[in-house]
Amino acid sequence: MNKYNWLIPNSKNYLIWGFSLLMICGLYLFNWKAETILLTYFFETIAIGFIHIFKLLATFLYSTSSTDRKGKHPASSFFYIPFFAVHYFFFIFIQSVFVFAFFTSIIPGLKDSFDVWGNYKYLLGIPEYLMAFMSIVMVNVAFAFKNFFLPKKYETKQVESLFTQPYLRIFIQQFVTILTGFTFLFLNADIISALILILIRLIIDLALNYASYNLDFRDKLIKVMNNSNNPRDMDKARKDLNIFLDD
């Protein structure tokens with residue numbers, strides 16, 4: 001089998017390819033601005049947060065692996081859900097302040113960067129932003145149903161272990177988006193920045209998707225991500241990646 005087959009569209013990665021192609025069509029067919037693409041990937045953080053809250057709730061209510069001897073779910077498990085919501089969306093608020101400060105001089109109509117709700121409301125009133133934002137929301141919802149809710153993975157998960165699942169993806173997403181944002185700002189290469197972002201995200205998402213069902217590729221990915229040859233470090237990296245990929 002060709003070692004690059006994971007890059008080819010198939011039944012396991014069609015949502016990833018579909019969204020990336022939609023972003024490219026938005027640039028060239030719908031005349032979306034490059035900043036629309038950059039903000040869409042930032043907006044994905046919000047979608048991931050809300051979806052993860054529903055994952056945690058489903059796990060708390062229906063998991064058979066986190067009940068006590070009487071078959072009841074410990075109240076301590078429920079605490080993780082509001083704790084996640086508070087600290088995760090506080091992070092989004094801080095992130096949004098910096099994002100809007102970055103784009104205030106680029107997008108007419110944006111208000112003070114601390115008026116986060118007002119700025120999001122304004123963007124959602126613009127058709128191209130609304131279409132792009134809703135597209136990434138629908139893709140993430142589809143992934144959640146395909147990989148988590150329909151297979152009923154919430155029945156075998158634990159709230160405590162599921163709690164940290166979004167963070168690797170968020171870290172990768174923010175790093176790539178910020179990197180291309182600097183290209184957008186300092187090189188004045190808006191379309192190129194958007195295309196670079198779409199391409200890098202496409203490759204990363206395809207790689208992580210392939211690692212979710214190919215264990216050999218997953219081990220190779222762990223070795224790339226982990227600089228240490230210490231077996232304990234490798235085991236920890238493997239455990240963390242397994243939690244992230246098993247969504």
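The values are calculated or read from the model by the stated rules, or taken from the named source; none is laboratory data. Nothing here was measured: the structure is a model prediction, and the numbers come from that model. Cβ placement follows ideal geometry from the backbone for every residue including glycine, while neighbour counts extend to all protein chains displayed.
Tabulated values for the structure
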quantity: Verdict on I136 being among the β-branched types (V, I, T), surrounded by 15 or more Cβ atoms within 10 Å (Cβ to Cβ) and within 28 Å of A211 (Cβ to Cβ); calculated: yes
quantity: Any chance F143 is in contact with a helix residue (DSSP H, G or I) (Cβ under 7 Å, 6 or more places away or on another chain) and closer than 24 Å to Y80 by Cα; calculated: yes
quantity: Helices (runs of 4 or more DSSP H) contained in segment 1-111 and holding at least 1 residues on the phi > 0 side of the Ramachandran plot and either touching a residue at least 60 places away in the same chain (Cβ under 8 Å) or among the small types (G, A, S) (or both); calculated: none
quantity: Residue ID - modelled with the lowest pLDDT, chosen from residues in segment 63-81 that are surrounded by 15 or more Cβ atoms within 10 Å (Cβ to Cβ) and of a type in the set (F, W, Y); calculated: F78
quantity: Segment 82-131 - residue that is over 16 Å from the mean Cα position of the chain (by Cα), surrounded by 15 or more Cβ atoms within 10 Å (Cβ to Cβ) and among the hydroxyl-bearing types (S, T, Y) and, of those, modelled with the lowest pLDDT; calculated: T104
quantity: Hits in segment 118-160 - residues which are farther than 22 Å from G26 by Cα and among the acidic types (D, E); calculated: E155, E160
